[in-house]
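Read the figures in this text as sums done on the coordinates, not as results from a lab. In this text the structure is predicted, and so the values were computed from the model without any measurement. Glycine also receives a Cβ, built like all others from the backbone with ideal geometry; neighbour counts cover every protein chain displayed.
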Amino acid sequence: MPANTSLPLVGTLLTVAAGLSFFFVCMILPLVGKAGVQTVHASQNFRAFLVALIVSLAFSVAATVAKMKRSRLDGSPKPYLTMGLFVINMGLLISLFAGLLKI
């Protein structure tokens, strides 16, 4: 099987993984919110959220790269949604380190 025929499947699987991991990040967002930072284990909450966010960011980057390669090969549409997911994840990461999620 040539590499070009497996690229659509890889991009799709990575996009699904990025979406599911972002959904998980949204579910655990209260860990670093106002209630989560007032607990005795706030640093563990921060680390757990950071790991989940980095995994989601990695999936969104990988999905964007795979879909961009496919777009160059066969002229399929640009992956605007996966790029948007990457931007949202980066925004969350910046907000996390800036302390904006503790509000």
Cβ charges +1 (Lys, Arg) and -1 (Asp, Glu), total dipole of the chain, debye: 120 debye
Specify which residue in the list SER71, PHE59, LEU92 is farthest towards the positive end of the charge dipole of the range 23-103, using unit charges on the beta carbon of Lys, Arg (+1) and Asp, Glu (-1), about the Cα centre. SER71
Ratio Rg/Rh, restricted to the range 13-102 and using Cα atoms, in which Rh is the Kirkwood radius: 1.09
